[in-house]
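Everything below concerns the one structure shown next.
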Amino acid sequence: MELGSGLLPTTTLLRETPLVRALHSAIRNKESSRRTFVTSADRLVQMLLEEALGLLPVTPVTIATPCGSYEGVTLPEESTIVAVSIMRAADCMLGVCRAMLPSVAVGKILIQRDEATALPALLYSKLPPNLCGRPVLLLDPMLATGGSAVAAVRVLVEKGARPEDIV
């Protein structure tokens, strides 16, 4: 299957640059040290989060510079952004997320496959209140069938998040 085929039009892929390939190579190399693995993984997570933050709505703003005015934009207030990790794999992404957004609100969801039905089952969720209208970064470093991610989106929507606010 060609990379990207069958994806929704709203799907954004991280562009495969030589740096991205080098980082993937470092984390897949069985000879990599723990430090190399962690550093490379953190760099990839930062790149993913930068891409995700670039998808958030912006507000136009005019700012004064030493050379005159500049028409720029601002991202949503950091404290309004919610980062939700799909436990346990996505917890590794939270450290990088908190380093980038120290005031981000954090939520956690634990979903496991029910052995009897093979369907995702919600085991735990702890989410910030008032998700409606807040940007939500859904963190999950591993995607196989997408069942856990779909179930997590359903949980977020049931708790008040709008689908269009979930990245």
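Before moving on, here are some points about what is shown:
- Enumeration of residues in region 119-161 that are touching a helix residue (DSSP H, G or I) at 6+ places or on another chain (Cβ under 9 Å) and modelled with pLDDT under 90: Leu119, Pro120, Ala121, Pro141, Met142, Leu143
- Residue pairs whose Cβ atoms lie under 6 Å apart, sitting 6 or more positions apart in sequence or on different chains, and linking a residue in region 60-75 that is more than 30 Å from Val136 (Cα to Cα) to a partner that is at pLDDT 95 or above, are Ser69/Thr62.
- Pairs with Cβ under 6 Å, 6+ apart, first in region 13-26 and within 11 Å of Leu44 (Cβ to Cβ), second basic (Lys, Arg): Leu23/Arg43
- Of the residues contained in region 113-134, one or more are found to be loosely packed, with under 12 Cβ neighbours inside 10 Å, touching a residue at least 24 places away in the same chain (Cβ under 8 Å), in contact with a strand residue (DSSP E or B) (Cβ under 6 Å, 6 or more places away or on another chain) and over 24 Å from Ser25 (Cβ atoms).
- Restricting attention to region 1-47, the residues being surrounded by 11 or more Cβ atoms within 10 Å (Cβ to Cβ) and at pLDDT 95 or above number 22.
- Any hit, region 156-166, residues being assigned to a strand (DSSP E or B) and either in contact (Cβ under 8 Å) with a residue 12 or more places away in the chain or in the same structural domain as Gln46 (by TED's automatic domain parsing) (or both): yes
The values are calculated or read from the model by the stated rules, or taken from the named source; none is laboratory data. Because the structure is predicted, anything quoted here is derived from the model rather than measured. Please note: Cβ atoms are built from the backbone with ideal geometry, for glycine as well, and neighbour counts cover all protein chains shown.
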